[in-house]
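All of the numbers you see were taken from the coordinates with simple rules; none came from a lab. Note that this is a predicted model, so its numbers are computed, not measured. As a convention, Cβ positions derive from the backbone with ideal geometry for all residues, glycine included, and neighbour counts pool all protein chains shown.
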Ligand SMILES: [Zn+2]
Ligand SMILES: [Zn+2]
């Protein structure tokens, strides 16, 4: 059954981890994703997106496997006696000072507010008691079991904390999470990635002013974590700041059906608005027939006569796009360089921005986006164009490459830029070292 592509995809599924009973309802998700693609005006048989429902369902299933995991099973058998811990002596952990920290655990979760993935750097501290310690590799696994669900940062921290406290029964547990959420177009409240630092503590960590928290933060300080920045950000998800429109009931139902298939209750208070918040994101990427970008008559003004040419550039134009293979966001900046006669006016920044947005706001792949921007600008300036797109892809998660913050650069070179190394180098060196668009 199935084409070679499907067979290949099945082969690479980690079958040892995803057994039949641990699957969510993937076929229901596939149907829902088809409805969403149709709602975007896409041809669901188009080569690039034919397998998208399959890929999205697979990613959702793996990304929410925490619903089908039991913390007791993870911890059981990993508690070891440690005779050094004498509960009758003073000090935390009964005499040995005892604070154990596992730092920099990279995790990914789905924002329950908008259904997009968010990145987490998790730090766990605990003080053993009852003469037993837990195998350290179990701590990240417990954290992951809660991260692989629809979540919100504070609840995630609280859930990891209370479950470790219950299963290990230590003197205390503390969780610190650094969470990062992709920005939304038209959200003026956030510039770049939305970041929040949350913490949760039980036992000797119950009181946030206790000295043991200072010990913990001291050990995390050189990781850029500042105790004073721990906060509760109301509505951290940028989707809540943008007004909803009327969305097609078929699409709303499709998103509800995905939520239900993952094992969640779409009527849960925090999830009631999630379908329309997800659509606030998704509807930015509706299929628009290839109308020409509003050129404002610019094409006429490009001079085709002889004269001195000069390199012009516009760097760091932000864009949003949606990977057509995984239906997940990628986000970053575009840098455009071109040759133009010295006495001609350079292309206005707003025109370049609208070209970038026109090609960004659709289901895309980064390589095609780069090429389309280059070709369109080329028509304006007479053919000599270089375009660099730098982006972070949230879909790296669904491909099992769990490096949310890693980014991809693509380059398109047209006309004299392809032969003129000096011009290419001059332009590439003018690109600022990118940090603003990165998730990290
Ligand atoms: Zn969100
Ligand atoms: Zn992708």
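A few notes on this one:
- Theoretical gain in end-to-end length, residue 70 to residue 188 [0.36 nm per residue, Cα-Cα removed]: 38.4 nm
- Sorted by Cβ neighbour density within 10 Å, fewest at the top, the residues 116, 136: 136, 116
- Full extension of the chain between residue 375 and residue 169 yields a length gain of 67.9 nm, computed as 0.36 nm times the residue separation minus the alpha carbon distance.
- Against the rule of thumb 2.2 N^0.38 Å, how large the Cα Rg of region 106-240 comes out: 1.08
- Model label zone, residue 215; criterion: amide N under 11 Å from point 7 Å along Cα-to-beta-carbon; scope region 139-174: 172
- Paramagnetic reach from residue 428 (point 7 Å along Cα→Cβ, amide N under 16 Å) across region 326-351: 335-338
- Subtracting the Cα-Cα distance of residue 313 and residue 27 from their residue separation scaled by 0.36 nm leaves 98.2 nm.
- For region 302-377, the equivalent ellipsoid derived from the Cα gyration tensor has semi-axes of 29, 11, 9 Å, listed largest first.
- Principal semi-axes of the equivalent ellipsoid, √(5λ) from the alpha carbon gyration tensor of region 218-285, are 33, 15, 11 Å from largest down.
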